[in-house]
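Heads up: the structure comes next, in structure tokens.
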Number of protein chains: 4
Amino acid sequence: MEDKLSVISKKVIQFRDARDWEQFHDPKNLAEAISIESAELLEKFLWTTTDKAYDMDNQKLEDIKEEIADIMIFLIYLCDGLNIDLAQAVESKIEINEKKYPVEKVKGSSKKYKEFS
Amino acid sequence: MEDKLSVISKKVIQFRDARDWEQFHDPKNLAEAISIESAELLEKFLWTTTDKAYDMDNQKLEDIKEEIADIMIFLIYLCDGLNIDLAQAVESKIEINEKKYPVEKVKGSSKKYKEFS
Amino acid sequence: MEDKLSVISKKVIQFRDARDWEQFHDPKNLAEAISIESAELLEKFLWTTTDKAYDMDNQKLEDIKEEIADIMIFLIYLCDGLNIDLAQAVESKIEINEKKYPVEKVKGSSKKYKEFS
Amino acid sequence: MEDKLSVISKKVIQFRDARDWEQFHDPKNLAEAISIESAELLEKFLWTTTDKAYDMDNQKLEDIKEEIADIMIFLIYLCDGLNIDLAQAVESKIEINEKKYPVEKVKGSSKKYKEFS
């Protein structure tokens, strides 16, 4: 079985290289692209209330999937450009967060959640 | 061998559940969190020029890794909340993009890149 | 009586010029700065529900004012750099929106609000 | 002569009230809208280099003006909803910044600019 993260990373990089698009992908522009795609995701929830945020038809869910994929695709390009191992970066960050937000201090408290995060 | 994407997804979800934080993670707030973390990533490249965007010391690279991890962590929470398969979403999006940007039409042209993307 | 928009524009430009900071203010970097400050504003409302979004103490209100001011300051720099008359741009946009969203078609309908905006 | 900031504020608020749209304008959603419009502004500079960021034809300049106006319009709505005096907020922030970034310490240094801002 091949690793899923490696599989999709290869596919998005092949997509880019077949088009000679790496030349546009300096990290500053990629960070902009990630911000822009994130705003497009956020737009799917604009003018809703938080308690209705889960309400969506199939079309909206498909749109959200596409925006999430766009963010992920640009994250993969950025990791490729800077030689970052995405899975390893997440593992390290979770370790940092385990120390920063110890269970016994923050569990179930929204006040603490807001302060700490 | 266990799949890396599954491994990190399990870890970030365990982190959340140990703290009872799922209650704050409606999709509207998660989409906001992704936008905010993306802006923090972008901030690492603010006031630089694009041609110096690759210049960075180890500390800056570590900061960038952490911001990338934060975005990925919130993407995983959002996919979990909406039952989205992140790898599958990327594969579908790449298929859509293959049709939208055929190699023979877009290869190596920055003008076309801007128009099409 | 001097116009308030002119007064604050002059002040922020004097602030910049006294520090020789115009050199960093190309429009791409300014657009990034506006996005980053907007995310800092958004962060003040993260993990709240929409119905509690008005709840805030004096400190939070002060923080929000500062973020709003930061966005406005970078808008003024961008308008200065591109010779855009901010007040005139708003007047033109309102005229465009008057045609795009005629009162009789969109009044009081949230569905239409979401579709049209 | 009437103050320009007051004139445009009145116009955008009349536009909103004629459509009964204030009901959608809680501060959390307005902060999201400002972030989204800022990303649309940023998108106008995506895939350019910083040294070509000033290159634009009339159409692009018009698009940028519209995005700037959209941000300003939502800033006015947010200030209206929270009883914030936008011009006064900018004046206060400039005073804060004067102390934070004294001319003699920061003038003309890009390194210091990045550190301090």
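The values are calculated or read from the model by the stated rules, or taken from the named source; none is laboratory data. Nothing here was measured: the structure is a model prediction, and the numbers come from that model. Cβ atoms come from the backbone with ideal geometry, glycine included; neighbour counts cover every protein chain shown. Note: accessible area is taken over every heavy atom of the protein model, side chains too, but ligands, DNA and RNA are not part of it. Shrake-Rupley method; radii C 1.70, N 1.55, O 1.52, S 1.80 Å.
What to note about this one:
- Annotation: Cα Rg of the protein assembly as shown relative to the compact-globule expectation 2.2 N^0.38 Å equals 0.97.
- The residues of chain C have, on average, 45 Å² of accessible surface per residue, using a 1.4 Å probe with all protein chains present.
- Looking at segment B:1-91, the chymotrypsin sites (Phe, Trp or Tyr not before Pro) that sit in a DSSP loop and have at most 13 other Cβ atoms within 10 Å of their own Cβ are B:Tyr54.
- Here's the picture: charge each Lys and Arg Cβ at +1 and each Asp and Glu Cβ at -1 in chain A, and of A:Ser109, A:Ser92, A:Phe15 the one pushed furthest to the positive end of that dipole is A:Ser109.
- Accessible surface buried by the C/D pair amounts to about 6800 Å², both sides summed, 1.4 Å probe.
- Each Lys and Arg Cβ is given +1 and each Asp and Glu Cβ -1; about its Cα centre, chain C then shows a dipole of about 680 debye.
- Largest mean-square fluctuation among C:Glu62, C:Glu104, C:Glu32, in a Gaussian network model of chain C whose springs join Cα atoms under 10 Å apart, belongs to C:Glu104.
- Taken about its Cα centre, segment A:1-50 carries a charge dipole of about 140 debye when Lys and Arg each add +1 at the Cβ and Asp and Glu each add -1 at the Cβ.
- If only the Cβ of Lys and Arg carry +1 and only the Cβ of Asp and Glu carry -1, the dipole of the protein assembly as shown around its Cα centre is close to 0 debye.
- Highest-fluctuation residue, D:Glu37, D:Glu22, D:Glu95 considered, GNM on chain D with Cα pairs under 10 Å: D:Glu95
- When only alpha carbons are used to place a centre, segment C:44-92 and segment D:16-67 end up 13 Å from one another.
- Estimated translational diffusion coefficient (Stokes-Einstein, Kirkwood radius over Cα pairs, 4 °C, 1.567 mPa s) of chain B: 76 µm² per second.
- Computed per residue of chain A from DSSP H runs no shorter than four, each worth -39500 (n - 2.57), the mean residue ellipticity at 222 nm is -23000 deg cm²/dmol.
- At R0 = 51 Å, FRET efficiency that the Cβ-Cβ distance of D:Asp63 and A:Glu104 yields, to 0.05: 0.45
- Derived scalar couplings ³J(HN,Hα) [segment C:27-37; Karplus, 6.51 cos²θ - 1.76 cosθ + 1.60; whole Hz; x for Gly, Pro]: x, 5, 5, 5, 5, 4, 4, 5, 4, 5, 5
- Nearest-ten-degree value, helix D:58-81 long axis tilted from longest Cα axis of chain D: 70
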